[in-house]
Amino acid sequence: GENVEQHPSTLSVQEGDSAVIKCTYSDSASNYFPWYKQELGKRPQLIIDIRSNVGEKKDQRIAVTLNKTAKHFSLHITETQPEDSAVYFCAPGQAGTASKLTFGTGTRLQVTL
Amino acid sequence: DTAVSQTPKYLVTQMGNDKSIKCEQNLGHDTMYWYKQDSKKFLKIMFSYNNKELIINETVPNRFSPKSPDKAHLNLHINSLELGDSAVYFCASSQGVAGGLEEETQYFGPGTRLLVL
């Protein structure tokens, strides 16, 4: 099965700084790379995703970069704001009829004023 | 107007009891999932159904039995509840057809917080 590791497990940044979270996976068949955000007491929600034929994708202040050779992908958040404080999960998997995603262990991001 | 809904939101019960959690999605999706999130926030898939057919069945005790009466509903029945079953259970759905990225997105329900005493 897929082994997924996220680093760091916790991250504290000051408002306005950038944050980077790295996800390493083991299954070379994985071709779909999403990031989910879970605020305290809420449900996980997709914030950005890419497929293996794309190396980078950006959506306003967030971006995802993929290094398929090294089997890792990263979430980049620029100009962090207090509302970015949450737990972030990577969930690599294989796209298809029933996408089986393996969620990482999560990274708790705290944005301080 | 809720996309994925679950009932109940909270469930407190005694060890040994049997309980069910219901999930419904109004997105017209073909695929539904059950996840378990433990106290350390680890989110692990339990089951997945596509058009009422079981697709993914992870290593889960057979006390857990999913049931999909139609593709908009996926219920979870748990027999003989144990202390270790205490967790938040999330239902999710996705379009489930290979194609655009938007079809892979999994939409989660609000979660059911189960506490076994």
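The values are calculated or read from the model by the stated rules, or taken from the named source; none is laboratory data. A quick note: this is a predicted structure, and the numbers were derived from the prediction, not measured. Every residue, glycine among them, receives a Cβ derived from its backbone with ideal geometry; neighbour counts consider all protein chains shown. To get the accessible areas, we keep the full protein, side chains included, count just its heavy atoms, and leave off ligands, DNA and RNA. Shrake-Rupley method; radii C 1.70, N 1.55, O 1.52, S 1.80 Å.
Report, to one decimal in Å, the Kirkwood hydrodynamic radius for chain B based on all distinct Cα pairs. Answer for chain B: a Kirkwood hydrodynamic radius of 14.3 Å.
If you take the square roots of the eigenvalues of the alpha-carbon gyration tensor of the protein assembly as shown and sort them as a ≥ b ≥ c, do you get rounded (a/c under 1.5), prolate (a/b over b/c) or oblate? Note, shape of the protein assembly as shown comes out prolate.
For the stretch B:41-98, the equivalent ellipsoid built from the Cα gyration tensor has semi-axes of 21, 13, 10 Å, listed from largest to smallest.
This model, with +1 at the C-beta of Lys and Arg and -1 at the C-beta of Asp and Glu, gives the stretch B:1-104 a dipole about its Cα centre of some 400 debye.
Starting from 0 in steps of 5 Å, tell me what percent of the Cα-Cα pairs of chain A lands in each bin. Answer for chain A: a P(r) of 2, 13, 24, 25, 19, 10, 5, 1, 0 percent. Give me the tail of P(r) for the stretch A:26-70 as a percent: Cα-Cα pairs with distance above 16 Å. I get 44 percent for the Cα pairs in the stretch A:26-70 exceeding 16 Å. Dividing the mean sequence gap of close Cα pairs (under 8 Å, 6+ apart) by how many residues chain B holds gives a relative contact order of 36 percent.
What the phi angles of the stretch B:16-29 give under the Karplus curve with 6.51, -1.76 and 1.60, with θ = phi - 60°, is a coupling list of x, 6, 10, 9, 10, 10, 10, 9, 9, 10, 10, 8, x, 6 Hz, glycine and proline written as x. Element breakdown for the stretch B:5-108 at a 1.4 angstrom probe: carbon and sulfur atoms account for 51% of the accessible area.
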